[in-house]
Amino acid sequence: MTPPPRRVLFHAVRSLLLWLLLVFALSSALEWWLFRDQIGRPLPAYIGTTVQGEAVDWRRDPPRLIYVWAEWCGVCQTQRPWVEALGRGYELQTLAMQSGEAPAVSAYLTHNGLDWPTLVDPRGELAQRLGVKAVPALLIVSPNGEVRWVMRGLSSPWGVRLRLWWLGDA
């Protein structure tokens, strides 16, 4: 005799949720291991100006999220819609790494309809000070300027929100 469809559905959903939890736990452990030197450290001192002309001082007013991207990065373009949505709920600052000088980055932002507060890092020096060697990367920062989490590569909005919740920053 076959089990009722509800029971089959319940077991399938439960199995899926357990697998997702396992993947989240393993990816979080791997991220922590890869970025263990950056997590818990204060943001590097940085004073500058976004391409929009806004003054930035990470020591005095650290952003909650720092998204490091590049105009040539396909994964960055894929993540763009949910990064925009995340920026509506959290203080987001972006860093255009190795994407040209300010006029080129500003033109890219305008062409793509992006209003992200963006710092320009044409040679990747600021990204290097953040410990970021590849894009895309997303740093979660505490209100006192301490790096709480670093994600690199393809991420998902629910994965970021889950980490924010887990860190007590939701």
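Just so it is clear, none of the values below were taken in a lab; they were calculated from the coordinates. Not measured: the values here are computed from a predicted model. Cβ placement follows ideal geometry from the backbone for every residue including glycine, while neighbour counts extend to all protein chains displayed.
Approximating the spin labels as points 7 Å out from Cα along Cα→Cβ, the Glu54-to-Leu17 distance works out to 3.8 nm. Gain on full extension, evaluated as 0.36 nm per residue between Ala45 and Arg88 minus their Cα-Cα distance, stands at 12.9 nm. The relative contact order of the chain comes to 26 percent, based on Cα pairs under 8 Å that sit 6 or more residues apart. Put a dot 7 Å past the Cα of Thr110, heading toward its Cβ, do the same for Arg123, and the two dots end up 2.7 nm apart.
Based on the alpha-carbon gyration tensor of the chain and its eigenvalue square roots a ≥ b ≥ c, which shape applies: rounded if a/c is under 1.5, prolate if not and a/b is larger than b/c, or oblate? Prolate, since a/c reaches 1.5 and a/b exceeds b/c. Label-to-label distance for Gln98 and Val75 is 1.3 nm, based on points extended 7 Å past Cα in the beta-carbon direction.
The 3J(HN,Hα) values that the Karplus relation (6.51, -1.76, 1.60; θ = phi - 60°) gives for segment 12-23 are, in residue order, 5, 5, 4, 4, 4, 5, 5, 5, 4, 4, 5, 4 Hz. Gly and Pro appear as x.
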